[in-house]
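Trainee: For reference, the structure I am asking about is given below.
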Amino acid sequence: MKKYFPVLTIAGSDSSGGAGIQADIKTMSALGCYAASAITSITVQNTLGVTAVQAIRPDIVAGQIRAVMDDIYPLAIKIGMVNDADTICAIADTLSQYDVDRLVVDPVMVSTSGSRLMQEDALEVFCRRLLPMAALLTPNVPEAEVLTGMKITSCADMDIAAGRILKKGCEAVLIKGGHLAGRKTDRLYRVVDENRFVEGSSAVDEYRVVDGGLMMYEFACDNVLTRNTHGTGCTLSAAIASYLAFGCPAGDAIALAKEYLTEALQAGADVEIGGGHGPVNHFFDPKKLIKK
């Protein structure tokens with residue numbers, strides 16, 4: 001009997017297929033993993049925006065997670081859109097019953113089109129219950145601003161924000177700089193004396209200490225000129241989780257995931273799906289299901 005590389009995504013459903021659970025499953029499958037899922041909410045959306053969100057009952061969300069954890073044993077988990085406080089508690093309570101050491105949390109708060117995807121009262125619960133469980137948190141600049149209560153307009157601001165986020169308990173944070181002017185640079189941070197997550201990565205030697213005593217590594221890439229950016233955050237975090245499942249250290253997983261996303265953006269730049277922000281091309285070079 002052959003073994004494969006299962007990954008679990010816990011996220012909301014996107015009816016247009018470009019983001020959320022659909023983007024996660026496409027990404028994980030394209031990279032050769034076996035994708036399992038737990039749906040947290042149903043969104044009514046297309047490339048133009050989100051018009052409604054219906055949360056799944058928290059006990060059903062918890063049941064989906066247990067069903068996967070007890071049978072399929074995912075090697076990594078990615079959490080995306082979680083709309084309400086009760087669901088956040090259900091996820092945290094359920095995952096705490098298992099040995100989870102490769103947990104990527106993408107704090108989805110606002111969609112590409114600008115629609116709010118997390119209820120106001122859920123933020124405090126998210127920071128208290130779910131964020132400390134994350135091996136890696138992957139906020140973009142607007143999300144990092146919400147998490148820290150500060151404005152971020154430069155890489156120096158990113159350094160300060162990272163320190164504030166790490167104090168909330170996650171093991172490492174990747175702040176995505178796509179909303180800043182200039183060349184797109186993402187920064188991975190961890191506390192200097194905390195090396196569990198990035199130890200062994202080929203990127204470790206290129207870390208440097210920034211103000212606040214944090215180890216930081218930059219991932220820079222050229223801009224891709226396209227309006228088809230729907231689901232890029234979901235895609236990146238799902239790809240990181242996939243490479244972590246393969247056993248890659250964090251720095252390598254992020255670098256490979258960014259390479260995959262950049263190629264997916266390039267391959268989807270001239271694809272016209274919908275009248276707004278279209279999806280990336282997840283299947284530009286799909287892999288067969290990879291065996292251990």
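Trainee: I'd like the antiparallel share, as a percent to the nearest 5, of DSSP beta bridges with both residues in the chain. Walk me through the intermediate numbers first.
Mentor: Details: 21 of 41 bridges.
Within the chain, antiparallel bridges account for around 50 percent of the total.
Trainee: Then there is this: Over the chain, average the accessible area per residue using a 1.4 Å probe and give it in Å², no decimals.
Mentor: Solvent-accessible surface per residue comes out at 43 Å².
Trainee: When the chain is treated as a GNM, springs tying every alpha-carbon pair under 10 Å, which of E120, E218, E143 comes out with the largest mean-square fluctuation?
Mentor: Ranking E120, E218, E143 by mean-square fluctuation puts E120 first.
Trainee: Count the net charge of all other residues whose Cβ sits under 11 Å from the Cβ of S29, scoring Lys and Arg as +1 and Asp and Glu as -1.
Mentor: +2
Trainee: Here's something else I'd like to know. Considering only the other residues whose Cβ falls under 12 Å of the Cβ of A264, what net charge follows from Lys and Arg at +1 and Asp and Glu at -1? Could the numbers behind the result be given before it?
Mentor: Details: positive: K26, K258; negative: E259, E263, D285.
Neighbourhood net charge equals -1.
Trainee: Okay, helix-only estimate at 222 nm for the chain: each DSSP H run of n ≥ 4 adds -39500 (n - 2.57), divide by all residues, round to 500 deg cm²/dmol; what do you get? Working shown, then result.
Mentor: Values: 8 runs with 93 residues, N = 292.
Roughly -10000 deg cm²/dmol at 222 nm, from the helical runs in the chain.
Trainee: Still on this structure: Evaluate 2.2 N^0.38 Å with N set to the residue count of the range 1-93, then give the Cα radius of gyration divided by it. All intermediate terms of the calculation are to be shown ahead of the outcome.
Mentor: On the way: Rg = 13.4 Å, N = 93, 2.2 N^0.38 = 12.3 Å.
Rounded to two decimals, the normalised Rg is 1.09.
Trainee: What FRET efficiency would be calculated for the residue pair D121, R66, taking the C-beta separation as r and a Förster radius of 25 Å, to the nearest 0.05? Could you put the intermediate results ahead of the total?
Mentor: Values: r = 26 Å, r/R0 = 1.03.
So, using R0 = 25 Å, E works out to roughly 0.45.
Trainee: A follow-up question, please. With a ≥ b ≥ c the root eigenvalues of the C-alpha gyration tensor of the range 71-169, is it rounded (a/c under 1.5), prolate (a/b larger than b/c) or oblate? Could the numbers behind the result be given before it?
Mentor: Details: a/c = 1.91, a/b = 1.49, b/c = 1.28.
In terms of gyration-tensor shape, prolate.
Trainee: I've got another one for you. Which order do you get for R102, R208 if you rank them by accessible area with a 1.4 Å probe, largest at the top? If you can, show how the numbers build up before the last one.
Mentor: Working: R102 80, R208 115 Å².
Largest to smallest exposure gives the sequence R208, R102.
Trainee: May I ask which of K26/K167; K26/K151; K2/K176; K78/K168 have a Cα-Cα span longer than 26 Å here?
Mentor: Details: K26/K167 33 Å; K26/K151 34 Å; K2/K176 37 Å; K78/K168 19 Å.
Pairs exceeding 26 Å: K26/K167; K26/K151; K2/K176.
Trainee: Report the residue, chosen from G268, G212, G18, that carries the largest GNM mean-square fluctuation when the chain is represented by alpha-carbon nodes joined by springs under 10 Å.
Mentor: G212
Trainee: How large, in percent, is the carbon and sulfur part of the accessible surface of the chain at a probe radius of 1.4 Å?
Mentor: Details: 6410 of 12510 Å².
Of all accessible area on the chain, carbon and sulfur atoms account for 51 percent.
Trainee: A further question follows. Which of rounded, prolate, oblate describes the range 10-55, given a ≥ b ≥ c as roots of the alpha-carbon gyration tensor eigenvalues and a/c under 1.5 marking rounded, otherwise prolate only if a/b is larger than b/c? Spell out each step's value before the answer.
Mentor: Working: a/c = 4.74, a/b = 1.69, b/c = 2.81.
Oblate, because a/c is 1.5 or more while a/b does not exceed b/c.
Trainee: I want the local charge near G20. Using Cβ-Cβ distances under 14 Å, sum +1 for each Lys or Arg and -1 for each Asp or Glu among the other residues. Can you show the working numbers first?
Mentor: Values: positive: K26, K78; negative: D14, D24, D106.
Residues close to G20 contribute a combined charge of -1.
Trainee: Relative to the present Cα-Cα distance, how much length would full extension add between D59 and I290 at 0.36 nm per residue of separation?
Mentor: Values: separation 231, 0.36 × 231 = 83.16 nm, distance 3.26 nm.
Here the segment from D59 to I290 would lengthen by 79.9 nm.
The values are calculated or read from the model by the stated rules, or taken from the named source; none is laboratory data. Just so it is clear, the model here is predicted, and its values are computed rather than measured. Every residue, glycine as well, gets a Cβ built from its backbone with ideal geometry; the counts of neighbours run over all protein chains shown. For the accessible areas, the whole protein counts, side chains as well, though only heavy atoms, and no ligand, DNA or RNA atoms are used. Shrake-Rupley method; radii C 1.70, N 1.55, O 1.52, S 1.80 Å.
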